[in-house]
Amino acid sequence: MKVFGIDIIKGSVRSRTRRPVYALCRMEGGEILGVEEVTGFRLQRILAEEQPEILAVDSLQEIAADRNELYVFLQALPPSTKLVQVTGGERKETLGKVAARYNISFNRFDPYAEARTTAQVASLGAGVEVIAFENTTDIVVSRRRSPGRGGWSQNRYTRKIHGAVRQKAREIEERLRGAGLDYEKKEAEAFGGHSRVTFRVVAPRSMVPISSSRGADVQVRVAGRELERIRFEPLSSRPRYLIVGLDPGTTTGIAALDLDGNLALLTSSRQMTMSDIVEELYRTGKPLIIASDVQQMPYSVEKIRRAFNAIPYTPKQSLPVETKYDLTAGFSYTNDHERDALSAALDAYRSLQNKFRNIAKRVQPGFDLDEVRARVLRGQSLDAVITEMQGAPTAPKPAPPAEAVPERPVEDERVMALDGMVKRLRSYVRELQDDVRERDREVERLQQTLRRERSAAGRKMRRDAELTTKDATIENLRRQLRGERRRSRRLKKRLERLQTVAKIEVSEDYTPLKVLDSLTREGVRGLQEGIGIVRGDILYIPKAHGWGRGVVKDLVEMDVRALVIGGEPPDPHLVRVAREAVLPLLSADSVKPEIRGRTGAAKTDLIDDAIGEWEEGQKEYRREREAERLEYLFREYRSEREKEVRRGG
């Protein structure tokens, strides 16, 4: 990747007499090729010739005085070149802070060193791309010269100019069609052709195969449509790592620091759910450490830590209030919950400061320190991390020493350099003229080829469309076939289970059992879909956990005969609910079932004895309930009589 970094040496974009002179650093493949001094005009020519992927600056004020000048500058950039502000977009920071993230130090009073640093951090993914145009491009084809009042040959001269505009517009339209781009065209009719043709292409300028040009009679201007407000998009999509402190409770406090200890987020709310907290942290960055201010991490904080697979941090003993005030003395917060969350994050950062310093000492400039720190904290050795990251294409080679920067040339050397520049520019003009002639011949050849193959291409497109439709139909039928096969396998297994139950029902000595995975509505629904539940069935439950009144009511409505419960004795509340619903609960120890998969069997006489014992207990339960009811009525009656006696007295 080719990256250019610039910084102003002298002058200003706001001055009309002292135009800016820049220090330009060229960087390709992570290696600095050199640093030189260029004017603004020379910078534009170099950008047009070499077309780097990135032009990096530390401030947009160095290339444009206002918004209009910035649009003009971006319009003049090659379509493939991104303008990157390495110090951020809406919220800016100093170049020193940005460089420190990659363990790069520089002399901030040396423009050449700043240009090198700007190029280095941009090649490593720092900064934001400046976007000023919509995904729409305007192409205007117009006359290069006015027909004027003319003389005897005025009509022929006018037809020639307007015909050239029409011909150029047709060539551009053919190229847009060949690129498969959607566009709208407006034509201004004139004598002998068109005086002006406008294309509005639905594509960004980098995708439009047309460039601005000027000829003898015709000029073409290609420009992107300006946004109402300039946008900034991060050059790297990777979120920054965070150290997060959480204080759960009725009011949840959240604090997040980056790995340099800078505050990135501090908020609190009474209405935050776990999903709201996770979403807020996702918007801020990627939590690397989740910290708490108490020794035992709360369960809600642990759940959020697991959601991010973050590293836990808790102090050796819960932080006292005095320590929290000392930690957060340099920050402003609105309540105690924010203070507690911030103190937890700061305590975690303080415990890692020495480790971070040692890492910075051992890592050479040009590595992303945040990524190195994160990998080391997750258990990788520092040597392994450095070796792995050295193999990445983004790791640049060390910058050349400061003394390698060329000194500013003296006056006679500057004159010689300008003479050489003039010679190179004249040679470049001749090359461009030869290139234009060659391109004109190539365009004519391609137009002939296009006319020959247009009919064949149309037939191929129709055939491809028909094949695509048929392929989609075949794939849809295959999906349906796979679904039917899966359904057939499920039905086959269900039939086998039903046949097993039917064989047991034929036997008089054994009674079939159907296995219910759990005493929940989901378990009942699964058994109903698997082998079905019919009237008079006896169900076996391995463990009666997670039950509710609703599932007992559902089984009674299905007219289930009894439930056989294995494992520990059933919950007394479950027994009471079952007796109220008249649903027998049988112990597996008394029935001794034999279970195989989703079905089983038990001896009929053991089941009858267990049901009989349950019914005896049911009679006793009814007598107790009746006695309680009579005792309650007696107490109510006595209470009413006492009230009447008091009123009568």
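The values are calculated or read from the model by the stated rules, or taken from the named source; none is laboratory data. Since the structure is predicted, the reported quantities are computational estimates derived from the model, not experimental observations. Note: ideal-geometry Cβ built from the backbone for every residue, glycine included; neighbour counts use all protein chains shown.
List of remarks:
- Candidate set from segment 186-198 (those that are surrounded by 15 or more Cβ atoms within 10 Å (Cβ to Cβ) and among the charged types (D, E, K, R)); member that is nearest to Val222 (Cα to Cα): Arg196
- Taken over segment 599-649, the criterion of being under 27 Å from Leu516 (Cα atoms), outside any helix (DSSP H, G or I) and over 60 Å from the mean Cα position of the chain (by Cα) is satisfied by Lys603 alone.
- For first residues located in segment 475-503 and outside the structural domain of Gly536 (by TED's automatic domain parsing) and at pLDDT 70 or above, partners that are part of a helix (DSSP H, G or I) and surrounded by 10 or more Cβ atoms within 10 Å (Cβ to Cβ) and lie 6+ apart or on another chain with Cβ distances below 7 Å form the pairs Arg494/Gly530.
- Entry remark, segment 372-385: residues being crowded, with 17+ Cβ neighbours inside 10 Å and either farther than 24 Å from Ala113 by Cβ or assigned by TED's automatic domain parsing to the domain that holds Val98 (or both) number 6 in total.
- Selection over segment 511-533 of residues that are out of contact with any Pro (no Cβ under 9 Å at 6 or more places or on another chain), at pLDDT 80 or above and either within 14 Å of Ile595 (Cβ to Cβ) or small (Gly, Ala, Ser) (or both) gives a count of 7.
- Contacts under 9 angstrom Cβ, first residue in segment 583-596 being assigned by TED's automatic domain parsing to the domain that holds Leu555 and within 14 Å of Ala544 (Cβ to Cβ), partner surrounded by fewer than 18 Cβ atoms within 10 Å (Cβ to Cβ) and acidic (Asp, Glu), 6 or more apart: Pro584/Glu615; Leu586/Glu613
- Qualifying position, being part of a strand (DSSP E or B), touching a strand residue (DSSP E or B) at 6+ places or on another chain (Cβ under 6 Å) and at pLDDT 90 or above, among Val222, Val197: Val197
- Some residue of segment 631-644 being closer than 16 Å to Ala562 by Cβ, among the aromatic types (Phe, Trp, Tyr) and surrounded by 10 or more Cβ atoms within 10 Å (Cβ to Cβ): no
- Which listed residue, of Val552, Val524, Val560, is in a loop (DSSP other than H, G, I, E, B) and either farther than 19 Å from Leu495 by Cα or free of Cβ contacts under 8 Å to residues at least 60 places away in the same chain (or both): Val560
- Residue among Gly249, Gly245 that is part of a loop (DSSP other than H, G, I, E, B) and more than 26 Å from Glu129 (Cβ to Cβ): Gly249
- Verdict on Ala119 being under 10 Å from Asp58 (Cα atoms), assigned to a helix (DSSP H, G or I) and aliphatic (A, V, I, L, M): yes
- Test: residue in segment 198-210 that is of a type in the set (S, T, N, Q), assigned by TED's automatic domain parsing to the domain that holds Lys160 and over 30 Å from Lys355 (Cα atoms): yes
- Of residues in segment 78-92 being part of a loop (DSSP other than H, G, I, E, B), in contact with a Lys or Arg (Cβ under 9 Å, 6 or more places away or on another chain) and in contact (Cβ under 8 Å) with a residue 60 or more places away in the chain, the one farthest from Pro209 (Cα to Cα): Gly89
- The residue pairs whose first member lies in segment 270-283 and is free of Cβ contacts under 8 Å to residues at least 24 places away in the same chain and part of a helix (DSSP H, G or I), whose second member is surrounded by 13 or more Cβ atoms within 10 Å (Cβ to Cβ) and of a type in the set (Val, Ile, Thr), and whose beta carbons are closer than 9 Å, counting only pairs six or more residues apart or on different chains, are Asp276/Thr252.
- Options Ala399, Ala417, Ala329; residue that is modelled with pLDDT under 75, in a loop (DSSP other than H, G, I, E, B) and of a type in the set (A, V, I, L, M, F, W, C): Ala399
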